[in-house]
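I'd like to ask some things about the structure below.
What follows is calculated from the coordinates using simple rules that are stated; it is not laboratory data. On a predicted model such as this, the values are computed, not experimentally measured, just so you know. With ideal geometry, Cβ positions are generated from the backbone for all residues, glycine too; neighbour counts draw on all protein chains shown.
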Amino acid sequence: MTEHQVPARKPVRPYFSSGPCAKPPGWSPDKLGTDSLGRSHRSKIGKARLGYCIDLLREVLQVPETHRIGIVPGSDTGAVEMAMWTMLGARPVTTLAWESFGAGWVTDAVKQLKIDPTVMEAPYGELPDLGAVDWSNDVIFTWNGTTSGVRVPDGEWIAADREGLCIADATSAVFAQDIAWDKVDVLTFSWQKVLGGEGAHGVLILGPRAVERLESYTPAWPLPKVFRLTKGGQLIEGIFKGETINTPSMLAVEDAIFALEWAKSVGGLEGMKARANANAAALDAIVGEREWLGHLAADPATRSNTSVCLTVEGADADFIKKFAGLLEAEDAAYDIAGYRDAPAGLRIWCGATVDTADIEALGPWLDWAWESLKA
């Protein structure tokens, strides 16, 4: 195959390595609910649509009634930092980091909150020793490392009798992987990852132990208005019924509702997981057929089924930039260069909104880009 002999078939929809990710099949602006658009989020219909979105989230993710679900500002980052700023400091803290976002929470804990956490790190492609985590501490980690393609294998390593809180950034795990809700006290994500929705809004899910912490502990530092979850020592329950702290985009809310209704149409959580697993398996087959491709996450048991990170033989950052640029110029794949802080490589989105046939169609295009640059 020469530089000019491009593959005959292009993926139906583009690939995205991070948010915003591929929209669900059949998405178009005219299919969004419109009654709430242009209306206040405080209006009767605005509150109803926000509440409906929360109800759909609970249904599709199978979140137990013991856990509260709130829509908050600032995407997943805002949700994680809201949890950190409001709950940490009551007891010792352990932070786990094996990719850039986990490392960012370490920075927040060390340099911003100055709480001197125990930091457990591992290089890209690996996990720290999960068995060595001290659950008398509050523990913060990413369930699925979006920039490394490494995920925790399950929730078995989380202590059932933990004294501290389990705080999980699960933004690229929910809707594609099982979450041990009985082991999670705080979980965060954003709509633009596996759900394929729009960014700017985060989702904060609180278990009973997190609520108890909020109502019994006041942090030593000041809290911005958008972080405040309590008033007079009591949880602001309205936040978890659609009464958002600040003004949300009702267009983004309607987009999330569309995606959640689509998720129900493909079998709910089980259907979404099956789609992501099929996509990851198709990409794994592509990798297995090419000596110049490999997985950054060597252990299949901890390999992501959404944000799959690949190594490219002999590639540096400049090579990867050119590689991704060739594919984008042909409208074959978008934004598949690895994250800027990660080792040079590719990152292919395999979330549920992507069709497996499109992943399979990517293989010849990867060959074409590789051969074009090597020539």
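Once fully extended, how much extra length lies between Lys374 and Ala298, figured as 0.36 nm per residue of separation less the alpha-carbon to alpha-carbon distance?
Between Lys374 and Ala298, full extension yields an extra 24.8 nm.
As an exercise, identify the chymotrypsin sites (Phe, Trp or Tyr not before Pro) in the stretch 171-243 lying in DSSP coil whose Cβ has no more than 13 other Cβ atoms within 10 Å.
Answer by residue number: there is no such site.
In percent, what relative contact order does the chain have, based on Cα pairs under 8 Å that are 6 or more apart in sequence?
Computed value for the chain: 27 percent relative contact order.
Determine the relative contact order of the stretch 268-374: mean sequence separation of Cα pairs under 8 Å and six or more apart, normalised by residue count, in whole percent.
Answer for the stretch 268-374 is 34 percent.
Let me ask you something else. Could you order peptides 140-146, 82-88 by the average number of other Cβ atoms within 10 Å of their residues, highest first?
Order by mean packing, descending: 140-146, 82-88.
By how many nm would the segment from Asp161 to Ala8 lengthen if fully extended, with 0.36 nm per residue of separation less the alpha-carbon distance?
This chain segment gains 49.4 nm when fully extended.
Quick one: which of Lys23/Lys231; Lys183/Lys264; Lys193/Lys322; Lys47/Lys193; Lys47/Lys231 span more than 32 angstrom between C-alpha atoms?
Values: Lys23/Lys231 38 Å; Lys183/Lys264 25 Å; Lys193/Lys322 25 Å; Lys47/Lys193 24 Å; Lys47/Lys231 21 Å.
Pairs exceeding the cut-off: Lys23/Lys231.
Less than 13 Å from a label point 7 Å out along the Cα-to-Cβ axis of Asp154: which backbone N atoms in the stretch 282-321 qualify, by residue?
301-302
May I pose another question? Please give the length that would be gained between Val266 and Lys225 if that part of the chain were fully extended, namely 0.36 nm times their separation in residues minus their C-alpha to C-alpha distance (nm, one decimal).
In short, 10.9 nm is gained.
Now for a separate question. Run down the aspartates and glutamates and flag those whose C-alpha is under 13 Å from the C-alpha of Lys273, throwing out any fewer than 8 positions away in its chain.
Lys273 reaches Asp178, Asp355.
Take the alpha carbon atoms of the chain, find their radius of gyration, then divide it by 2.2 N^0.38 Å using N residues; give the quotient. It would help to have the intermediate numbers written out before the result.
Working: Rg = 20.9 Å, N = 375, 2.2 N^0.38 = 20.9 Å.
Compared with the compact-globule rule of thumb, the chain sits at 1.00.
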